[in-house]
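Engineer: Can you read through this structure? Questions will come right after.
What follows draws every value from the coordinates through simple rules; no lab data is involved. No experiment lies behind these values; they were computed from the predicted model shown. Heads up, the Cβs are rebuilt from the backbone with ideal geometry, glycines too, and the neighbour counts pull from every protein chain shown.
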Amino acid sequence: MMSSPRVSKALIPAAGRGTRFLPFTKAVPKELAPVVTRPALELVVDEAARVGVTDVLFVISDGKAAIGEYFRPNVDLEAALEAKGDTDGLAAIRHAEGLATYHYAEQKEPRGLGDAVGHGAEFAAGEPIAVLLPDDLIDERDALLGPMLDVHAEHGGIVLGLLDVGPKEISKYGCVVPAEGADPGADVVGIADLVEKPKADEAPSTLAIIGRYVLPPEIFAALRDTSPGAGNEIQLTDAMRALCRAGTPTHGVVFAGRRYDTGDRLEYVKAVVRLAARHPVIGEDFRAWLGEYDPGADG
Ligand code: G1P
């Protein structure tokens, strides 16, 4: 049986303008929006590091310098915290710095997710990579990327994180066509084809690609050959579709755990509430308050 090397590199696209979160994204990258105290982006890097990723490439754009500041050591702040004996503060800031070795690439124009991923060709250097979209958070108690890497080690090719989002939501996502004979209830499904954001009544399934991918090095040539698609952007789904149709093994791991969508305002607020409710320091008090909170009486 073919066996692929364990993936040690992850690419995280973080170049979007975050217009849904204006005005705060005028000055602060939306990827640094705190989910209680830690930025969403750190939670995603943490997820990758937990399954053996050692090198992370952030694809950023102009105005995203704060991402580099966040992940690199801040000598002055560390000295100040040390002088105060603030060991909790020190541990908190050192956590992000130590998760991986960080690399940066700049996407000069917003030409789509496929274009952003295409900036990783040199970083990948012929190896498969993981791609994690920072709008999607996976609860740390639930596994997705680990099982995806296991499937990749066995089959190689493309492995996608999938979620059954139902017929109403599928038009917001990349959608997959399960291989003929695939058991719709299985954890791992073979994929025969993909389509980006199908119309609800034309969707071939309700299995959506959530923002976790393992991609073979061939993806970069496929991206170079991909013309702009939906929204006049270079779509990663279109490049994966070309590889899949040309015979690259393509599988999906169907996720059944807890996922938070921090790319949407309402879902972001829900994510903060859910994670605050189980926060080690404020969780208990927050749950007690939440149980008594009556929004109708708050005004
Ligand atoms: C992107 C991808 C889409 C995928 C989604 C996951 O869409 O193009 O295939 O399902 O991320 O979050 P976007 O959310 O950038 O519109």
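Engineer: Computed over the Cα atoms of the stretch 98-187, what is the convex hull's projected area averaged over all directions, in nm²?
Structural biologist: Values: hull surface 34.3 nm².
Projected area, direction-averaged: 8.6 nm².
Engineer: GNM on the chain, C-alpha springs below 10 Å: top fluctuator among V117, V56, V273?
Structural biologist: Of V117, V56, V273, the Gaussian network model singles out V273 as fluctuating most.
Engineer: Any idea what the dipole of the stretch 189-277 comes to, in debye rounded to 20, about its Cα centre with Lys/Arg Cβ at +1 and Asp/Glu Cβ at -1? Could you put the intermediate results ahead of the total?
Structural biologist: Numbers: 11 positive and 11 negative charges, 83 e Å.
It comes to approximately 400 debye.
Engineer: Working out 0.36 nm times the residue gap between D142 and V75, then minus their Cα-Cα distance, what length gain in nm do you get to one decimal? Can you show the working numbers first?
Structural biologist: Values: separation 67, 0.36 × 67 = 24.12 nm, distance 3.46 nm.
Full-extension gain reported as 20.7 nm.
Engineer: Additional query: Note the full-extension length gain between D46 and A186 as 0.36 nm times their separation in residues minus their Cα-Cα distance, in nm to one decimal. Kindly include the intermediate steps, with their values, before the conclusion.
Structural biologist: Numbers: separation 140, 0.36 × 140 = 50.40 nm, distance 2.74 nm.
Gain in length upon complete extension: 47.7 nm.
Engineer: Take the residue pairs K108/K168; K9/K168; K64/K172; K9/K199; K9/K108; K64/K168 and return only those whose Cα atoms are more than 32 Å apart. Let's see the in-between values first.
Structural biologist: Working: K108/K168 34 Å; K9/K168 34 Å; K64/K172 26 Å; K9/K199 34 Å; K9/K108 22 Å; K64/K168 34 Å.
As for pairs spanning more than 32 Å Cα to Cα, those are K108/K168; K9/K168; K9/K199; K64/K168.
Engineer: Once the convex hull of the C-alpha atoms of the chain is built, how many Å³ does it hold per residue, rounded to a whole number?
Structural biologist: So the per-residue hull volume is 164 Å³.
Engineer: Moving to a separate point now. Given points 7 Å out from each Cα along the Cα-Cβ axis, report the D88 to R17 separation in nanometres with one decimal.
Structural biologist: According to this spin-label approximation, the distance is 4.0 nm.
Engineer: Report the rotationally averaged projected area of the stretch 111-256 based on its alpha-carbon convex hull, in square nanometres.
Structural biologist: Details: hull surface 34.1 nm².
Mean projected area for the stretch 111-256: 8.5 nm², to one decimal.
Engineer: Something else: When the scattering of the stretch 179-269 is computed by the Debye formula from its Cα atoms alone, each counted once and equally, what is log10 I(q)/I(0) at q = 0.14, 0.17, 0.24, 0.25 Å⁻¹?
Structural biologist: -0.62, -0.90, -1.39, -1.41
Engineer: Looking at G52, H103, L243, which one has the Cα that reaches farthest to the positive end of the dipole of the chain (charges on Cβ: Lys, Arg +1; Asp, Glu -1)?
Structural biologist: Comparing the listed Cα positions along the dipole, L243 ranks first.
Engineer: Mind checking the full-extension length gain between H279 and R38? Use 0.36 nm per residue of separation minus the Cα-Cα distance, one decimal, nm. Mind showing how you got there, number by number?
Structural biologist: On the way: separation 241, 0.36 × 241 = 86.76 nm, distance 1.12 nm.
Full extension of this stretch gives 85.6 nm more.
Engineer: Give me the distance between the Cα centres of the stretch 24-43 and the stretch 57-130, rounded to whole Å.
Structural biologist: That distance is 13 Å.
Engineer: Taking every pair of distinct Cα atoms and averaging 1/r, then inverting, what Kirkwood hydrodynamic radius in Å comes out for the stretch 14-106?
Structural biologist: Working: mean 1/r = 0.0705 Å⁻¹.
About 14.2 Å for the stretch 14-106.
Engineer: Per DSSP helix of 4 or more residues, -39500 (n - 2.57); summed, then divided by the residues of the chain. What does that give at 222 nm, rounded to the nearest 500? List each step's numbers first, then the result.
Structural biologist: On the way: 12 runs with 103 residues, N = 299.
Taken over the chain, the calculation gives -9500 deg cm²/dmol.
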